[in-house]
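Down below is the structure, laid out as structure tokens.
The values are calculated or read from the model by the stated rules, or taken from the named source; none is laboratory data. Computed from a predicted structure; not experimentally measured. Here Cβ is always computed from backbone atoms with ideal geometry, including for glycine, and neighbour counts include all displayed protein chains.
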Amino acid sequence: MAVPDTFDAIVLAGGTARRLDGVSKPDVELGGRRLLDHALAATEGAGRVAVVAPDTVAVPDGVLRTLEDPPHGGPVAGIAAGLAALDGHPAGGVAAAPLLLVLSCDVPFAAGAVPRLLAAATTSGHDGACLRDSSGYLQWLVGVYRTAALRARLDALGTQLRGSSVRALTSHLTLATVRAQGREAADVDTWPDLDALT
């Protein structure tokens, strides 16, 4: 499956992880790799990658780091911060790629779905595509969005970014859905979740 080379990526890794006893979720290890590293592997092929995480979380060279201000503003504020970081570091004079991959760091097996998400976002004519798990639940934080459409929704939310739900962000977008295969949609919110994936 052909994957377009015109996408950037944002990895959200700045949550409070209350159900993981407040540990640094991106640094939790699964199979000898941090959850963040699993997520970064899923961004392979992206022109630029921004990780939304505090300074205590190590990120590889070449990956941008940012954090919403003030911290813990929720995923929508994190997406806005990530997009602003990408805008501040243009590649080849281009402010943003046409497509934006948005990943939560706690979905360690999402990489397999990314090519299908990119293909669906490219060919569907919609505003993007997100992963749908076996129960029909839409995982908006495993998705590929048309950057312009996502930016317009962020602008529409304006001062309400902090604390906004991802549903509010995506409610006016037309999205294709991609069925998850295997463990692609499995996320790590609790220690039992992690144990189930080891």
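General remarks:
- Filtered residues of region 28-42 (kept if surrounded by fewer than 20 Cβ atoms within 10 Å (Cβ to Cβ), part of a loop (DSSP other than H, G, I, E, B) and in contact (Cβ under 8 Å) with a residue 24 or more places away in the chain): V28, G31
- In region 145-192, the residues that are surrounded by 15 or more Cβ atoms within 10 Å (Cβ to Cβ) and free of Cβ contacts under 8 Å to residues at least 60 places away in the same chain: Y145, R146, A149, R153, T170, L173, L175, A176, T177
- Residue that is at pLDDT 90 or above, within 24 Å of A121 (Cβ to Cβ) and surrounded by fewer than 18 Cβ atoms within 10 Å (Cβ to Cβ), where the choices are G78, G45: G45
- The number of residues in region 1-29 being modelled with pLDDT under 70 and of a type in the set (K, R) comes to 2.
- Failed criterion for F109 (all others in (1) crowded, with 24+ Cβ neighbours inside 10 Å; (2) touching a residue at least 60 places away in the same chain (Cβ under 8 Å) hold): (1)
- D189 among the charged types (D, E, K, R) and out of contact with any helix residue (DSSP H, G or I) (no Cβ under 8 Å at 6 or more places or on another chain): no
- Condition check for P54: modelled with pLDDT of 90 or more, crowded, with 23+ Cβ neighbours inside 10 Å and within 25 Å of V188 (Cβ to Cβ): no
- Residue list for region 105-161, filter: closer than 13 Å to A180 by Cβ and of a type in the set (S, T, Y): S134, S135, Y137
- Hits in region 55-79 - residues which are assigned to a loop (DSSP other than H, G, I, E, B) and farther than 20 Å from S164 by Cα: D55, T56, V57, A58, V59, P60, D61, G62, V63
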